[in-house]
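Asks: Structure provided below as structure tokens; questions to follow.
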């Protein structure tokens, strides 16, 4: 730095008062003049020449060397949110970085290169370079902290300890490539470090000790390595998401094809890689980890930390659940089309296989579940009766689910349903003479129309009618 001073009194090399430091002209009482200053050289109006060797005034420029410290390293994309720059984690370009004095909490003015300046006119914004690195220089020893006023748009969340065994560390520990950012305001807000103390000759050396200045950006202070700390890193990530659809597999092929509708009300529970229900989102906020499908069958979980997930489907809560059963799982074709009820848990619940690890910003919309319409009608095996013998309709017949109900009909019989055709109340059918002459009657049991996309189901049986009078005997056809 340049040191400039004008003293008020001094002695020259001859032991006499310095003429230019006296109030008079060359020692007199009159005010100094430019001529006097030109002769004496070093007055406040001097010409910068040294034409009077008797002048001991120290208004001359004097250059003084003062050691400074520096601070920096990397803003990086923390793909797996483990809090460290590793693997495919790359630096983030063009992120604004600010430096603050921890004692005054005032921003340190720097030029675009990060060098400290005194004149506000020389100040400029500092941003990370093409590698994601930043570097503040020409700093006096002391306490500082770094602020990123606006987190990167593509990765707005500071690396955190949501579900991961790490936490932000002490900036003074000199460990490299670990995230030091704190983001109390949540996604998209500013991030700051804790206080770091910079001291002359006491900062970590490039690669001298394990973990200290051993990662990206560590060589920025190599000229004065012991005066620079290149371990203050900031990790960011974007949340991940997953989901898709519960659907009715009308053709039973295990795939959602054109025209097959979604179903609402299916309960979907999100599990982490340990099989536990997810209870925190990407910012550490509490979530339930449970949702239900919308009327169109869609569902989704968003704002999750990077990781591997699975979901459990519970179809017992679906709209018209009594009519459904799981379809065939993992039937092939495109992963976004097949049903992923891969692991059967109970009659009504099934779990997907775990997803691949979802890195920062990734999305998996392939976790579907298909159901088939599970409506069944059972009738008796064909049998034979005499023309005077009634047909016991419901013997050997059933409808599932029973709550659906149904009714009997006959396309060719002309006899009488003695107690009506409703499956719940019908008991017998008495054949007519025409039935006996024809020799048979066909009976059809049809369910009531189920709600939703499933259709009514029917089954039929043909009963042989012998044109004989069996009297009071019951002939079982043997």
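The values are calculated or read from the model by the stated rules, or taken from the named source; none is laboratory data. Source: prediction; values computed, not measured. Every residue, glycine among them, receives a Cβ derived from its backbone with ideal geometry; neighbour counts consider all protein chains shown.
Asks: Tell me whether the range 380-403 contains one or more residues that are more than 30 Å from residue 258 (Cβ to Cβ) and in contact with a helix residue (DSSP H, G or I) (Cβ under 6 Å, 6 or more places away or on another chain).
Replies: yes
Asks: In the range 274-303, what residues are closer than 17 Å to residue 341 by Cα and not in a strand (DSSP E or B)?
Replies: Across the range 274-303, the qualifying residues are 275, 293, 297.
Rundown of residues vs (1) touching a helix residue (DSSP H, G or I) at 6+ places or on another chain (Cβ under 8 Å); (2) surrounded by 14 or more Cβ atoms within 10 Å (Cβ to Cβ); (3) modelled with pLDDT of 95 or more; (4) under 24 Å from residue 451 (Cα atoms), yes/no style:
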{"site": "294", "(1), (2), (3), (4)": "no, yes, yes, yes"}
{"site": "303", "(1), (2), (3), (4)": "no, yes, yes, no"}
{"site": "349", "(1), (2), (3), (4)": "yes, yes, yes, yes"}
{"site": "360", "(1), (2), (3), (4)": "no, yes, yes, no"}
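Asks: Please find, among 290, 311, the residue that is surrounded by 22 or more Cβ atoms within 10 Å (Cβ to Cβ) and at pLDDT 95 or above. Break it down stepwise before answering.
Replies: Values: 290 fails: surrounded by 22 or more Cβ atoms within 10 Å (Cβ to Cβ).
Checking each option against the conditions leaves just 311.
Asks: In the range 438-465, which residue that is part of a strand (DSSP E or B) and in contact with a helix residue (DSSP H, G or I) (Cβ under 6 Å, 6 or more places away or on another chain) is nearest to residue 410 (Cα to Cα)?
Replies: Kept after step one, since they are part of a strand (DSSP E or B), are these residues of the range 438-465: 440-447, 458-465.
Then keep just the ones that are in contact with a helix residue (DSSP H, G or I) (Cβ under 6 Å, 6 or more places away or on another chain); that gives 441, 447, 465.
Working: 441: 7, 447: 14, 465: 14 Å.
Only one residue tops the list, namely 441.
Asks: So residue 147 clears everything in (1) at pLDDT 95 or above; (2) buried (at least 22 other Cβ atoms within 10 Å of the Cβ); (3) more than 18 Å from residue 360 (Cα to Cα) except one condition, right? Which one?
Replies: (2)
Asks: Any idea which of (1) closer than 30 Å to residue 89 by Cβ; (2) surrounded by 13 or more Cβ atoms within 10 Å (Cβ to Cβ) is the one residue 109 doesn't satisfy?
Replies: Here residue 109 clears every test but (1).
Asks: Pairs, please: C-beta under 6 Å, at least 6 apart or cross-chain, first residue closer than 18 Å to residue 154 by Cα and in the range 184-211, second loosely packed, with under 15 Cβ neighbours inside 10 Å and at pLDDT 90 or above?
Replies: Short answer, once both residue conditions are applied: 190/149.
Asks: Looking at this structure, is residue 269 under 23 Å from residue 453 (Cα atoms) and assigned to a strand (DSSP E or B)? Walk me through it before giving the result.
Replies: Working: under 23 Å from residue 453 (Cα atoms): no; assigned to a strand (DSSP E or B): yes.
So residue 269 does not fit the description; no.
Asks: Please name all residue pairs, on different chains or six or more residues apart, with Cβ atoms under 9 Å, provided the first residue is in the range 340-369 and is outside the structural domain of residue 270 (by TED's automatic domain parsing) and closer than 16 Å to residue 306 by Cβ and the second residue is modelled with pLDDT under 95 and in a strand (DSSP E or B).
Replies: Here the result reads none, with nothing in the range 340-369 linked to a residue that is modelled with pLDDT under 95 and in a strand (DSSP E or B).
Asks: With a cut-off of at least 2 residues that are surrounded by 15 or more Cβ atoms within 10 Å (Cβ to Cβ) and in contact (Cβ under 8 Å) with a residue 40 or more places away in the chain, name the strands (runs of 3 or more DSSP E) lying wholly within the range 389-437.
Replies: Numbers: elements: 398-400, 406-409, 428-430.
Filter on the range 389-437 gives 406-409.
Asks: While we're looking at this one, here's another question. For residue 340, which of the numbered conditions (1) touching a strand residue (DSSP E or B) at 6+ places or on another chain (Cβ under 6 Å); (2) surrounded by 18 or more Cβ atoms within 10 Å (Cβ to Cβ); (3) in a loop (DSSP other than H, G, I, E, B) fails to hold?
Replies: Going through the list (1) touching a strand residue (DSSP E or B) at 6+ places or on another chain (Cβ under 6 Å); (2) surrounded by 18 or more Cβ atoms within 10 Å (Cβ to Cβ); (3) in a loop (DSSP other than H, G, I, E, B), residue 340 breaks only (1).
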